[in-house]
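Here is the structure we will look at, set down as structure tokens.
All of the numbers you see were taken from the coordinates with simple rules; none came from a lab. Remember, predicted model here, so these are calculated numbers, not experimental data. No Cβ is skipped: glycine too gets one built from the backbone with ideal geometry, and neighbour counts run over all protein chains shown.
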Amino acid sequence: MNATDTPRTDRWNTPERAALRETVRAFAAREILPHVDRWEEEGRLPRDLHRAAGRLGLLGLGQPESVGGAGEMLDQLVVSEEAVLAGVPTGVLASLFTHTIALPALVADGREHLVRDYVRPALEGESICSLGITEPGAGSDVAGLRTRAVRDGDEWVLDGSKTFITSGCRADFVTVAARTSDTGHEGISLFVVERGTPGFTVTRALDKMGWHSSDTAELSLVDVRVPADRLVGEVDRGFSRSWISSRASGSACPYRPARSRGAASTSPWSGCANGRPSAALWHDGRSCGTGWWRCTVVPRSPPPTFGGSPNGSRTGNRSSRRWRWPRTPRPRRWTAWSTTPSNCTEGWVSCAGPRWNATTGTPGCSPLEAAPTRS
């Protein structure tokens with residue numbers, strides 16, 4: 001068999017991930033789709049669904065093996081993608097996988113009692129967790145939180161409120177962000193607050209326009225006493241810990257795979273061995289209607305140089321040291337948008353500015369990127 005006969009594989013389409021996709025499709029058909037209408041009416045998911053996902057190992061994907069997880073973050077993305085392609089509402093995924101934003105700070109802390117009491121049970125589906133950041137007055141602005149935590153001997157006393165907390169009505173514990181000092185974003189700490197703790201109550205379940213099967217709660221904390229060993233990480237360092245959770249819920253960064261593909265120089269946007277821009281990483285969306293696109297990350301414009309010197313050094317008069325962009329076509333940031341033409345087999349990508357061909361690195365559209373006119 002020569003090179004041209006070798007089946008094409010990439011990080012999205014390995015034999016192991018093909019098997020994972022089949023597992024997800026079977027799980028969706030058996031455990032979710034027959035019941036989803038009832039869950040939408042009831043406004044919550046059953047605990048048995050978490051246990052079933054835990055038994056298959058779906059909840060542990062993207063988590064370190066040392067805490068009971070397996071696989072990579074990409075496996076977690078594959079699960080989400082395949083579930084949506086199978087017809088699972090995104091609200092179900094949001095509530096079933098809330099641990100992906102509630103646990104990363106605990107995993108990063110790594111202390112044995114946190115892993116034993118909270119991380120492992122959540123990955124096994126035996127407990128449900130939430131992340132408590134959003135507040136009525138501050139939204140999700142971590143630096144503007146008003147919930148306070150005051151040290152009192154071997155305990156912390158928390159007072160405040162949280163809102164729009166996904167899975168908050170069913171959560172066995174919540175990773176709560178609270179202010180421990182008045183130093184802006186550096187004065188935030190994270191605490192594990194268990195359900196049933198005196199003073200910690202679900203004020204109400206919030207109604208939403210969609211995602212009805214994903215319960216969303218408003219929480220109240222009044223003189224809630226939390227043991228000191230449930231502080232996650234260091235005091236006043238919860239802002240950086242919360243970013244760990246934010247990154248966990250986002251997409252994989254294309255930079256590292258691009259560099260691993262054999263970039264020829266040290267520039268992050270240098271060409272790969274295959275001649276394509278190092279950031280032209282493709283994800284083959286198999287159906288336009290599902291909202292999963294063939295996504296392309298295009299290279300940013302070349303870095304600015306100082307005028308007056310061809311090598312960009314700070315030489316010449318004062319005006320020559322002014323930043324300016326080289327006179328080359330400047331691709332703008334891409335924005336994905338939805339369209340579902342009847343003969344569409346790929347996702348579309350549109351550009352808010354001049355088109356940029358990610359295959360050749362020149363202005364214009366490539367056949368794979370041809371975007372219809374916005375209607």
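Charges only on Cβ, +1 for Lys and Arg, -1 for Asp and Glu: so what's the dipole of the stretch 1-128 about the Cα centre, in debye to the nearest 20?
100
In the stretch 119-159, which residues have a backbone nitrogen under 15 Å from the label point lying 7 Å from E186's Cα in the Cα-to-Cβ direction?
From the stretch 119-159, the list is 143.
Quick one: which residues, 5 or more positions from T163 or on another chain, have an amide H under 5 Å from its amide H? H modelled 1.01 Å from N in the peptide plane, none for Pro or chain starts.
Here the answer is T134, E135, L219, since their amide H atoms fall under 5 Å of that of T163.
Could you check the spin-label model distance between D37 and S66? Points 7 Å from the Cα along Cα→Cβ, value in nm.
4.8
Taking neighbour counts of Cβ atoms within 10 Å as a proxy for exposure, in what order, fewest first, do S80, S213 appear?
Fewest-to-most Cβ neighbours within 10 Å comes out as S80, S213.
Find the Rg to Rh ratio for the stretch 129-248, where Rh is the Kirkwood radius over alpha-carbon pairs and Rg uses the same atoms.
A ratio of 0.95.
Taking a quarter of the surface of the convex hull around the Cα atoms of the stretch 8-123, what do you get in nm²?
Mean shadow area of the hull around the Cα atoms is 7.4 nm².
Work out from phi, with θ = phi - 60° and the Karplus expression 6.51 cos²θ - 1.76 cosθ + 1.60, the ³J(HN,Hα) of each residue of the stretch 81-94, listed in order in whole Hz, and give x for Gly and Pro.
Taking θ as phi minus 60°, the curve returns 4, 5, 5, 5, 4, 7, x, 6, x, 5, x, 5, 5, 4 Hz for the stretch 81-94.
Would you order T197, T203 from fewest to most other beta-carbon atoms within 10 Å of each residue's own beta-carbon?
T203, T197
Determine, for L61, L106, L33, the number of other Cβ atoms within 10 Å of each Cβ, and report the residues in order from fewest to most.
L33, L61, L106
Using alpha carbon centroids, what distance separates the stretch 189-233 and the stretch 55-128, in Å?
So the separation of the two Cα centres works out to 19 Å.
Give the long-range amide H neighbours of G168: residues separated by 5 or more places, or on another chain, with amide H under 5 Å away, using H modelled in the peptide plane at 1.01 Å from N.
Residues meeting the criterion, in which the H sits 1.01 Å from N, are A217.
Tell me, what are the semi-axes, in whole angstrom and largest first, of the equivalent ellipsoid of the stretch 133-204 as set by the roots of 5 times the Cα gyration tensor eigenvalues?
19, 16, 9
Taking the Cβ-Cβ separation of T14 and D48 as r and a Förster radius of 25 Å, what is the calculated FRET efficiency to the nearest 0.05?
The formula returns an efficiency of 0.20 here.
Mind listing the phi-derived Karplus ³J(HN,Hα) values for the stretch 173-183, rounded to whole Hz, using 6.51, -1.76 and 1.60 with θ = phi - 60°, and x for any glycine or proline?
Going residue by residue, I get 8, 10, 7, 9, 8, 9, 7, 10, 7, 9, 10 Hz, with x marking Gly and Pro.
How much FRET efficiency would the formula 1/(1 + (r/R0)^6) give for T201 and R111, where r is the Cβ-Cβ distance and R0 is 25 Å, rounded to 0.05?
The formula returns an efficiency of 0.35 here.
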